[in-house]
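Student: Take this structure first; my questions come after.
The values are calculated or read from the model by the stated rules, or taken from the named source; none is laboratory data. Keep in mind that this is a model prediction, so the values were computed, not measured. Please note: Cβ atoms are built from the backbone with ideal geometry, for glycine as well, and neighbour counts cover all protein chains shown.
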Amino acid sequence: MMERGYLVSGRYQIIDTLGEGGMANVYLAEDTFLHRQVAVKVLRMDLQHDQATIRRFQREAKATCELSHPNIVSVYDVGSDDGMQYIVMEYVKGEDLKAFIEQKFPLPLSEVLDMMDQILSAVQLAHSRGIIHRDLKPQNILVTPNGQVKIADFGIAVALNDQSATQTNSLLGSVHYISPEQARGGMATPRSDIYALGIILYELLTGKVPFAGDSAVTIALKHFHEEIPSMRALNDQIPQPLENVVLKATAKDPDQRYQSAHAMAQDLKTSLDIDRANEPKFVATSVDQDLAATKVLTDLPAATATSELATLQQDEAATPKPTASATAKAKKKRKWLPWVIAGAVVLVGLVIGLIILFGKHDVTVPDLAGMSQSEATSSLADHDLKVGELVYENSATIAKDLVIRSIPGKKSSVKADSTVKLVLSQGAKTYQVRDYHDLEYSEIKEKLTKAGFTVKRKNKSSSSIAAGRIIKQSITAGKKVVAKKSTITLTVSTGEPTFKLRDLSGYSKKNVQDYADDVGLNVTFVEEYSSTVESGVVIGTDPAKDTIVSSGATVTVKMSAGTDPTSVSSSSSSKNDSVKTIDKVIPITYLANNSDSSSTGSTTDDSSSSSSVAQNKITIYIGDENHNIETLYRTMMISTNTNITLSFTVKNGESAQYRILRDGELYASESVTQ
């Protein structure tokens, strides 16, 4: 035992004792480097010189280190302090699932399903790495105060891969959760863990294990001979589909159980669905119970066999007594019965011993990941194994023609001369990029994202491609790439180019024309007399400065003709022929639509940006002294309700007119008079 305050390896200060086990003691400690509480598992002093135990202890740490999962207790450090082997693990506050059930039962079905989903997720990861727990039970599952579950103690899983540990004549793990094949000395498989998970689910739903007895043998025999007791008889609120999950997981024949923890999780998720309410009860196909029973009796230790013989003798005593002559013969036979039984026990032991001595020994499947086929073949031969079937899968991490994994997985215990299936990489899955020009960005983005691409967007105005459609792509059409490793940038049209009209006041006619040529505007020049602006200089524009316009729009520029040379009287005498300018303010209502548009030239990553505001295209025609109603006056883009000012040049007594279209449809039309 370690004293409080002891500093393990100069870092982990012992605070308290958490528990004592057959192989190790567990302490609560403070990590003085990272200032956090941890659990330190220390190999017992009487085992510190047992090399087989030390190897088992170290392999437990290695196995758990390979399993990074939120529902598996993490291992932080492994080391030795003055000859003491230790493992530093995550300290999980809370209690084990056994105590949790005893305190909180009955549990809501939704909570049961959530806890099982966490457990199954963790077990699925372990199985995918070739690690079988072999001792799943509530005592090895911890529950945090917020309801998170974490599986602990992968020591047995590692011990079974150690050649020093034998499976024959051993009842591994806790008998209440052990699968029939494990109990009779068979090799554990992922489906053995599935059986234990079914028993755990039964206990979560009923508050007790399905089988009880005075001895481990009695309980083990019940796992062979008896059906799982009806849960619905104990609680009719348990729906039949949920009971079926337990029945399928605990089928006597491993082939009739779920083939993976993932498959069990998927079935469990829908077990409360209304459309499964009338599901019939699951009934497994019967197995050869006599054969199973024989195997149990022959595989049990001598003490257990004696107990079973006693049970057989009690059954014999309970039978009706025979006649006098039969009794006499029976007495004569009973003198020989002990010798017959003893001989049978010796013979069975001899047969088992010969099988163990001369039969094929167990070997461990090596880690073949990343090897070539020839390297894997050589490694398997070194372990008395052979290459079996070859299958191919895509892999983004393992190079082509190298081994992804083996079946059975690494560290699995199998018989010598067994064949091992190799899963070889055929390289990363490639995706052929197509031509997305002039296609809707939103549709292509969704398709490429599902394929695994990182999609980025660059906005650009275009007078030929409609807003929201793709102008160009960064990866050329026809090229094959690995989607999950590729980023594609799509340049998307925001519609016709728009910009603010510059203040042209004070410009000369040439300056105005140069500006118009640069930005793509059409210009109409008109002259007006001005007593304040010198001749040949801009008085103002229509539309006014800072108005949002697009390339191709027409702007009317008013140039000063200088001071009006005519007299006031002359002006009065020709009043009927005078020309006037009329300004009219027209409100235009913005109409929201689904066009995909955003600011010109910006580049965004669509995984984090929001959609830009759509715009309306406004087209204006005017008819007055200087404009023809059939000729385009100007266009503009709006994204909010906007007021525009139109200036009309009309003679006294005459009228002008205008026509406005919004997104190609007539919005307003009117005649304007003085």
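Student: Of the numbered conditions (1) part of a loop (DSSP other than H, G, I, E, B); (2) closer than 30 Å to residue 439 by Cβ, residue 506 satisfies every one except a single condition; which is it?
Tutor: Going through (1) part of a loop (DSSP other than H, G, I, E, B); (2) closer than 30 Å to residue 439 by Cβ one by one, residue 506 breaks only (2).
Student: Still on this structure, please answer the following. Taking residue 461, is it touching an Asp or Glu at 6+ places or on another chain (Cβ under 7 Å), surrounded by 16 or more Cβ atoms within 10 Å (Cβ to Cβ), under 30 Å from residue 553 (Cβ atoms) and among the polar types (S, T, N, Q)?
Tutor: Here the answer is yes, as residue 461 does meet what is asked.
Student: Just wondering, is there one or more residues in segment 111-134 that are surrounded by fewer than 21 Cβ atoms within 10 Å (Cβ to Cβ) and more than 23 Å from the chain's Cα centre (by Cα)?
Tutor: no
Student: Does residue 74 fit the bill of being surrounded by 14 or more Cβ atoms within 10 Å (Cβ to Cβ), at pLDDT below 90 and under 20 Å from residue 144 (Cβ atoms)?
Tutor: So residue 74 passes the test.
Student: Going residue by residue through segment 499-510, is there one that turns out to be in contact with a strand residue (DSSP E or B) (Cβ under 7 Å, 6 or more places away or on another chain), of a type in the set (Gly, Ala, Ser) and under 22 Å from residue 628 (Cα atoms)?
Tutor: No: zero hits.
Student: Tell me which residues, restricted to segment 14-28, are within 18 Å of residue 93 (Cβ to Cβ) and surrounded by 13 or more Cβ atoms within 10 Å (Cβ to Cβ).
Tutor: 14, 15, 17, 18, 26, 27, 28
Student: If you don't mind, another one. Report, by residue number, each residue of segment 526-557 that is β-branched (Val, Ile, Thr) and closer than 20 Å to residue 632 by Cα.
Tutor: Passing the criteria: 526, 541, 547, 548, 549, 554, 555, 556, 557.
Student: Kindly check whether there is at least one residue in segment 195-212 that is at positive phi and surrounded by fewer than 24 Cβ atoms within 10 Å (Cβ to Cβ).
Tutor: Checked segment 195-212: at least one residue is at positive phi and surrounded by fewer than 24 Cβ atoms within 10 Å (Cβ to Cβ).
Student: Among 616, 593, which is at pLDDT below 85 and not hydrophobic (A, V, I, L, M, F, W, C)?
Tutor: Answer to the check: 593.
Student: Restricting to segment 526-554, count the residues that are within 30 Å of residue 462 (Cβ to Cβ) and out of contact with any helix residue (DSSP H, G or I) (no Cβ under 7 Å at 6 or more places or on another chain).
Tutor: The qualifying residues number 13.
Student: Which residue, of 492, 512, is part of a strand (DSSP E or B) and not polar (S, T, N, Q)?
Tutor: Among 492, 512, only 492 is part of a strand (DSSP E or B) and not polar (S, T, N, Q).
Student: Looking at segment 655-669, which of the residues that are in contact (Cβ under 8 Å) with a residue 24 or more places away in the chain and more than 21 Å from residue 591 (Cα to Cα) is nearest to the chain's Cα centre (by Cα)?
Tutor: Result: 657.
Student: Any chance you could count how many residues in segment 182-212 are within 17 Å of residue 135 (Cβ to Cβ), part of a loop (DSSP other than H, G, I, E, B) and of a type in the set (A, V, I, L, M)?
Tutor: Total meeting the criteria: 3.
Student: Also, I was wondering about something else. Does residue 442 satisfy the condition of being out of contact with any Pro (no Cβ under 6 Å at 6 or more places or on another chain) and more than 30 Å from residue 473 (Cα to Cα)?
Tutor: Values: out of contact with any Pro (no Cβ under 6 Å at 6 or more places or on another chain): yes; more than 30 Å from residue 473 (Cα to Cα): no.
Judged against the criteria, residue 442 is not a match.
Student: Identify all residues within segment 515-539 that are crowded, with 17+ Cβ neighbours inside 10 Å, in contact with a Leu (Cβ under 9 Å, 6 or more places away or on another chain) and assigned to a strand (DSSP E or B); write none if there are none.
Tutor: If the condition is that a residue be crowded, with 17+ Cβ neighbours inside 10 Å, in contact with a Leu (Cβ under 9 Å, 6 or more places away or on another chain) and assigned to a strand (DSSP E or B), then 538 is the only one that fits.
Student: So, in segment 120-136, exactly how many residues are outside any helix (DSSP H, G or I), of a type in the set (A, V, I, L, M, F, W, C) and over 11 Å from residue 151 (Cα atoms)?
Tutor: Start the filter on segment 120-136 by keeping residues that are outside any helix (DSSP H, G or I), which leaves 129-136.
When the remaining residues are screened for being of a type in the set (A, V, I, L, M, F, W, C), the result is 131-132, 136.
Next, only the ones that are over 11 Å from residue 151 (Cα atoms) stay: 131-132.
Total satisfying the criteria: 2.
Student: Moving to a separate point now. Scan segment 272-286 and tell me whether some residue there is in contact (Cβ under 8 Å) with a residue 24 or more places away in the chain, crowded, with 17+ Cβ neighbours inside 10 Å and not aliphatic (A, V, I, L, M).
Tutor: no
Student: Scan the strands (runs of 3 or more DSSP E) fully inside segment 418-480 and keep the ones with 1 or more residues being touching a residue at least 60 places away in the same chain (Cβ under 8 Å) and farther than 30 Å from residue 616 by Cβ.
Tutor: Hits in segment 418-480: 454-460.
Student: Starting from residues that are touching a Pro at 6+ places or on another chain (Cβ under 9 Å) and in a strand (DSSP E or B), keep the ones in segment 543-561 and report whichever is farthest from residue 615 (Cα to Cα).
Tutor: Here the answer is 556.
Student: Answer yes or no: is there a residue in segment 25-45 that is modelled with pLDDT under 90, of a type in the set (Val, Ile, Thr), touching a helix residue (DSSP H, G or I) at 6+ places or on another chain (Cβ under 9 Å) and outside the structural domain of residue 147 (by TED's automatic domain parsing).
Tutor: Scanning segment 25-45 turns up no residue that is modelled with pLDDT under 90, of a type in the set (Val, Ile, Thr), touching a helix residue (DSSP H, G or I) at 6+ places or on another chain (Cβ under 9 Å) and outside the structural domain of residue 147 (by TED's automatic domain parsing).
Student: Now for a separate question. Just one of 630, 625 is under 27 Å from residue 545 (Cβ atoms), out of contact with any Phe, Trp or Tyr (no Cβ under 6 Å at 6 or more places or on another chain), assigned to a loop (DSSP other than H, G, I, E, B) and modelled with pLDDT of 85 or more; which is it?
Tutor: Checking each option against the conditions leaves just 625.
Student: So which of 492, 423, 433 is in contact with a helix residue (DSSP H, G or I) (Cβ under 6 Å, 6 or more places away or on another chain), at pLDDT 90 or above and either over 30 Å from residue 663 (Cα atoms) or buried (at least 19 other Cβ atoms within 10 Å of the Cβ) (or both)? Steps first, please.
Tutor: Working: 423 fails: in contact with a helix residue (DSSP H, G or I) (Cβ under 6 Å, 6 or more places away or on another chain); 433 fails: in contact with a helix residue (DSSP H, G or I) (Cβ under 6 Å, 6 or more places away or on another chain).
Within the list 492, 423, 433, the selection yields 492.
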